[in-house]
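These notes concern the structure reproduced below.
The values are calculated or read from the model by the stated rules, or taken from the named source; none is laboratory data. From a predicted model like this one, the values you see are computed outputs, not experimental measurements. Heads up, the Cβs are rebuilt from the backbone with ideal geometry, glycines too, and the neighbour counts pull from every protein chain shown.
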Amino acid sequence: MSVTMFNCGFGDCFCIEDEYVERPLYVDFGIISGSLKSPKGLRELSEMKIGLHMWQQKEKDFLLTHFHEDHYSGILFLHGKKYFQDNMKFNTVYLPNVFDPSFQNTILSVIISTTHKSVYRLPKLDLVEFLKILCDNKSNIRLISRGDRISKNLIALWPVKNLVEEESTTEISNLIENRVINASDVENLISMATNINTAVGLMVNGEFEKAKRKLEAINPKENQALLATLTKIKRKGNKLNELGNNISIVFQNEIDQREACGEIMEEYESRDILFTGDVSKSVWNMITHMPKCEPKNLRMFAKYHLIKIPHHGTKCYYYNFEKYIVSGKTVCLIPNEPIAKKDKNGKPHVWGIADEYKGDLKEAHVYTSQNNISSWKSTGTKKEMIGFDLMKVL
Ligand SMILES: [Zn+2]
Ligand SMILES: [Zn+2]
């Protein structure tokens, strides 16, 4: 098994190769605005370097854990470059399954959470632009939720569709109850959600031309009412951004013969991997407390060889992975570069790796793009990625 971690500053991009996948599987590709700013042009260099890596692979798949800039901006960036446009085709693209027409609130929440940041970058909405690129690429589109297989031997632990829908419904109701949005706002959002849902349904069926037409109909520049709605939500702030993270695809390798014999994964295997998108603690609590009657292949391993830490190891999404770590063996990936952010009250602070991780992961091999990890009391090997380097971690 081989996993490559690319330096996206504050952003994710990985490539899994070998036994678990049919062909190289890229997991996310994005860099948050403000990351890798210096020296000048570093961000572009990084994106180009990753693009070249993708370009060199004739056959490749792409999995997007969730619809946030720091997980898909690279695809948007490369699509703007003529050189890459024709060579960026993925065989299969895996997306979190939040497009079920019966789950209207989920898709509404996703749209709100992914677009509210981009409202000021009109006329484009990143989610819609991303889907349009997939239409141009004509890749097979696979929607993933818990229990679905990814590529050859990977299996999704999350999202669970109805749990996500429940949470979304609560949040949308809160927005209405607190009068952040009114009935006509909801109508605007629903019409956009319906278009997106229909487009994705068409894409799954391979009807890309029709899907693209649906997506092109969503143009906030020409839809002042929709724009006003999105701006209103953005101004008020809301909890939906967290929901945008909590739809992430979480996956691990499939449980094999070991467990088929009745032995439950107590022993450590040097090839068990866990990718976590950006999910928060509440999702971990749900994943780890799933009913015992669930199929065996959806249980978590006792220990992992590699864990991609969620949400760039930041404090607000902190989860203690200590119990899954084998001292001196487990590899943890924390794609983080400290960037200046504002908190809810507009107070500036730096989004870096939570101090808690520095304690809990002390026995693990930690790979990060953050340059100031020298204070970590790690007994394992720690490596830094500087500039636009990529690193083969396994
Ligand atoms: Zn995110
Ligand atoms: Zn992220």
In the stretch 24-45, the residues that are away from ligand 1 (no atom under 16 Å from the Cβ), assigned to a loop (DSSP other than H, G, I, E, B) and within 20 Å of the chain's Cα centre (by Cα): Pro24, Leu36
For residues in the stretch 130-145 being surrounded by fewer than 21 Cβ atoms within 10 Å (Cβ to Cβ) and in contact with a strand residue (DSSP E or B) (Cβ under 9 Å, 6 or more places away or on another chain), which is farthest from Phe103 (Cα to Cα)? Asn137
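Condition check ((1) surrounded by 12 or more Cβ atoms within 10 Å (Cβ to Cβ); (2) modelled with pLDDT of 70 or more; (3) in contact with a Cys (Cβ under 6 Å, 6 or more places away or on another chain); (4) assigned to a loop (DSSP other than H, G, I, E, B)) across all residues:
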site	(1), (2), (3), (4)
Cys332	yes, yes, no, no
Ile353	yes, yes, no, yes
Gly359	yes, yes, no, no
Asn371	yes, no, no, yes
Ser374	no, no, no, yes
Lys383	yes, no, no, no
Ile386	no, no, no, yes
Among the residues of the stretch 58-100, how many are away from ligand 1 (no atom under 16 Å from the Cβ), under 22 Å from Ser145 (Cα atoms) and not aliphatic (A, V, I, L, M)? 10
Got at least one residue in the stretch 62-81 being surrounded by 17 or more Cβ atoms within 10 Å (Cβ to Cβ) and charged (D, E, K, R)? yes
Could you tell me whether any residue of the stretch 298-312 is more than 23 Å from the chain's Cα centre (by Cα) and more than 16 Å from ligand 2 (Cβ to nearest atom)? yes
Mind checking which residues of the stretch 1-23 are touching a Phe, Trp or Tyr at 6+ places or on another chain (Cβ under 9 Å) and within 16 Å of ligand 1 (Cβ to nearest atom)? Cys8, Phe10, Gly11, Asp12, Cys13, Phe14
So the strands (runs of 3 or more DSSP E) completely within the stretch 50-161 holding 1 or more residues that are within 16 Å of ligand 2 (Cβ to nearest atom) are 61-63, 92-96, 154-158
Under 6 Å by Cβ, and 6 or more places apart or on different chains, what pairs join a residue from the stretch 276-288 that is near ligand 1 (Cβ under 10 Å from one of its atoms) with one that is assigned to a loop (DSSP other than H, G, I, E, B)? Gly277/Thr65; Gly277/His66; Gly277/Ser248; Gly277/Ile249; Asp278/Ser248; Val279/Ser248
Any hit, the stretch 291-306, residues being at pLDDT below 90 and closer than 30 Å to Asn174 by Cα: yes
Can you tell me how many residues within the stretch 33-46 are within 16 Å of ligand 2 (Cβ to nearest atom) and touching a helix residue (DSSP H, G or I) at 6+ places or on another chain (Cβ under 8 Å)? 3
